[in-house]
Amino acid sequence: MTPELMDEGARRLARHGGASQPGHTASGGRAADFGRLVVPGEVDVAHGRILYLEDVSVSFDGFKAINKLSLDIAPGELRCIIGPNGAGKTTMMDIITGKTRPDEGRVFFGSTIDLLRYREAEIAQLGIGRKFQKPTVFEQLTVFENLELALKTHKGVGHSMLFRLDSAQSDRLAEVIETIQLAGSVSRSAGNLSHGQKQWLEIGMLLMQDPRLLLLDEPVAGMTDEETARTAELFLALKGRHSLMVVEHDMGFIRAISETVTVLCDGAVLAQGTLDEVQADERVIEVYLGR
Ligand SMILES: Nc1ncnc2c1ncn2[C@@H]1O[C@H](COP(=O)(O)OP(=O)(O)O)[C@@H](O)[C@H]1O
Ligand SMILES: [Mg+2]
């Protein structure tokens with residue numbers, strides 16, 4: 001660790017009133033007595049990584065779904081993950097989000113937050129948003145109400161009638177509606193939206209929480225070509241402000257958005273590079289053609 005980093009660490013400790021905050025200890029948090037206080041927005045990316053997995057493994061009934069997987073993602077990066085069915089892509093997201101506990105390995109959010117110490121709901125609060133494959137919007141509520149609810153749920157006020165959006169929250173809501181291109185549909189019931197619009201709404205609900213990292217599992221499955229193209233634009237607009245990990249099978253979509261592509265196979269990284277590089281890799285061709 002460089003002196004500059006140590007100074008920065010000391011400043012952070014001072015700002016947060018000592019070593020009792022998760023992830024801000026002299027030992028990097030590992031040996032410390034962690035409280036359960038979650039501080040969203042405090043992610044240390046001084047080492048250039050927003051997400052870091054090292055030698056992660058998990059078995060289901062003796063079958064190694066994830067096998068010594070190591071991978072990291074830079075702040076603001078849009079990382080694409082491809083790989084055959086059963087490669088472990090969804091299981092990797094389950095591990096990052098606390099849904100599945102790995103048998104071994106390390107999973108860090110920034111350089112100091114050990115995600116294996118947190119439960120699923122706490123990990124969401126820390127700033128990791130996850131989009132599952134199927135849209136899970138509230139069909140009877142309007143687009144606006146869905147977004148408002150996402151904010152309330154995140155703030156832990158539930159259905160409280162006393163909750164009113166403050167001006168920063170109203171601004172955020174307007175900004176998100178613009179980003180997901182649903183400005184013309186704010187008062188429509190979510191149930192009346194197209195499949196693609198429902199997916200965007202759900203992404204919007206995640207964005208209301210302003211996550212540092214967004215995990216998206218097959219986001220364009222079932223979309224029309226036009227919806228897919230608009231989703232590519234949306235993701236390109238989100239990168240930078242957020243870090244994204246996108247699992248997809250649609251290679252046209254991957255081509256439109258990708259920088260670095262990671263190929264997962266048998267629970268580990270098989271290849272990594274630009275889409276052209278990995279598509280030219282003999283081992284990658286083999287796993288795609290061989291199954
Ligand atoms: N909860 C589970 N119990 C048993 N096996 C599982 C479980 N979750 C995933 N698997 C197995 O782990 C492997 C990886 O699955 P998955 O992560 O869903 O792959 P992908 O998303 O890349 O298609 C598959 O063989 C799957 O059957
Ligand atoms: Mg999957």
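With the Cα gyration tensor of the range 175-217 giving a ≥ b ≥ c as the square roots of its eigenvalues, does the rule (a/c under 1.5 for rounded; else a/b larger than b/c for prolate; else oblate) give rounded, prolate or oblate? Oblate shape, in that a/c is at least 1.5 and b/c is the bigger or equal ratio. So what does log10 I(q)/I(0) come out to for the range 133-290 at q = 0.09, 0.15, 0.16 Å⁻¹, using the Debye formula with one equal point on every Cα and no solvent? Here log10 of I(q) over I(0) equals -0.35, -0.84, -0.92. Straight-line cross-link partners of Lys64 among the lysines, defined as a Cα under 22 Å from its Cα and at least 8 positions apart when in the same chain: Lys89, Lys99.
Per-residue Karplus couplings for the range 66-75, computed as 6.51 cos²θ - 1.76 cosθ + 1.60 with θ equal to phi - 60°, are listed in order as 10, 10, 6, 7, 10, 6, 9, 10, 7, x Hz, Gly and Pro entered as x.
Rg and Dmax of the range 201-291, both derived from C-alpha coordinates alone, stand at 14.2, 42 Å.
Let me make sure I get this right: for the range 73-136, a, b and c are the square roots of the gyration tensor eigenvalues over alpha carbons, sorted descending. Under 1.5 in a/c it's rounded, otherwise prolate if a/b > b/c, else oblate. Which is it?
On the way: a/c = 1.32, a/b = 1.29, b/c = 1.02.
Rounded, since a/c falls under 1.5.
Amide H contacts of Val261: Gly273, Thr274, Leu275, each under 5 Å away and 5 or more positions distant or on a separate chain (H built 1.01 Å from N in the peptide plane; Pro and chain starts excluded). Working note: Karplus 6.51/-1.76/1.60 with θ = phi - 60° gives the range 201-213 the couplings 4, 5, 5, x, 5, 5, 5, 4, 8, 6, x, 6, 10 Hz, where Gly and Pro are set to x. Proximity of backbone amide H atoms, modeled 1.01 Å from N, is registered between Leu78 and Leu244 at under 5 Å, excluding neighbours fewer than 5 places apart on the same chain.
Readers should treat all values here as calculations from the given coordinates under stated rules, not as data from a laboratory. The structure displayed is predicted, hence computed values, not measured ones.
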